[in-house]
């Protein structure tokens, strides 16, 4: 009986266990928004704004402070902390701005701030090259 409980508890304790799945899910969601975002229901756009914006802000706050201080302050889950996932989250946010719902305004002000901060990410997999479209938003 102890063998059946062990792996599931271990998996729950490992914050990086589902990192690849999370990355694939965020990437797929971004592609859905880019290809058919205007066809989605307005409440789906609203809910995505409510989830993606705070998550991006939390991840940036985590990046800006020391890992010891942030860990006790309710840090974001490990599956969102990789550079590739952060890049995909920024791309998803950009897609939400560029392909908005016809009835729900895009989170332009928040997105510009978040994406501008994302351009200064320490990891080269996240920063300027992949977020070059921020310049378009800043000119809007």
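Here is how the numbers come out for the structure above:
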| quantity | calculated |
| --- | --- |
| Scope segment 86-115; condition in contact (Cβ under 8 Å) with a residue 40 or more places away in the chain and more than 22 Å from residue 40 (Cβ to Cβ); matching residues | 86, 87 |
| Elements of type helices (runs of 4 or more DSSP H) contained in segment 45-140, each with 2 or more residues being out of contact with any strand residue (DSSP E or B) (no Cβ under 8 Å at 6 or more places or on another chain), at pLDDT below 80 and over 19 Å from residue 25 (Cα atoms) | 67-71, 108-118, 134-139 |
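The values are calculated or read from the model by the stated rules, or taken from the named source; none is laboratory data. Quick caveat: nothing in here was measured; it's all calculated off a predicted structure. Note that each Cβ is placed from the backbone with ideal geometry, even for glycine, and that neighbours are counted across all protein chains shown.
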